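Structure first, then comments.
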């Protein structure tokens with residue numbers, strides 16, 4: 001069996017068009033993402049939405065430096081932060097928001113060391 005470097009490696013493959021299964025799957029994913037975005041916006045359009053979203057941002061550590069005692073706590077904190085940011089984004093809110101960050105969360109962390117708040121000069125608060 002000989003190889004020919006001049007041969008087109010894509011020869012014989014179907015040309016992708018508007019009815020291509022890959023394009024159809026991309027359109028379906030985009031439609032599902034838009035539907036999910038609309039659902040988040042409808043859910044967080046009520047009067048209590050700002051209060052709930054502020055709590056999600058605070059509990060998720062959106063305004064806090066991610067300082068953990070070890071890599072596992074750091075990973076947990078970052079996961080909470082990313083989920084909170086996703087909820088805020090899908091609900092149509094801009095981040096950062098006008099919610100005032102607090103120095104420390106109301107619930108103490110598992111290791112007893114609070115995550116530090118971000119100040120205006122991006123230095124940890126003392």
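Throughout, read-outs are computed from the coordinates displayed, never taken from laboratory work. This one's a predicted model, so the numbers in the text were calculated from it and none came from an experiment. Positions of Cβ are generated from backbone atoms using ideal geometry, with glycine treated the same way; all protein chains shown enter the neighbour counts.
If you plug the beta carbon distance of residue 59 and residue 35 into 1/(1 + (r/R0)^6) with R0 = 22 Å, you get a FRET efficiency near 0.25. With neighbours defined as other Cβ atoms within 10 Å of a residue's Cβ, the residues 81, 93, 26, 7 order from fewest to most as 7, 26, 81, 93. Exposure proxy shown here: for 62, 95, the number of other Cβ atoms within 10 Å sets the order, fewest to most, as 95, 62.
Counting neighbouring beta carbons within 10 Å and listing from fewest to most, the residues 67, 87 come out as 67, 87. Here r is the Cβ-Cβ distance between residue 48 and residue 28 and R0 is 22 Å; the resulting FRET efficiency, rounded to 0.05, is 0.10.
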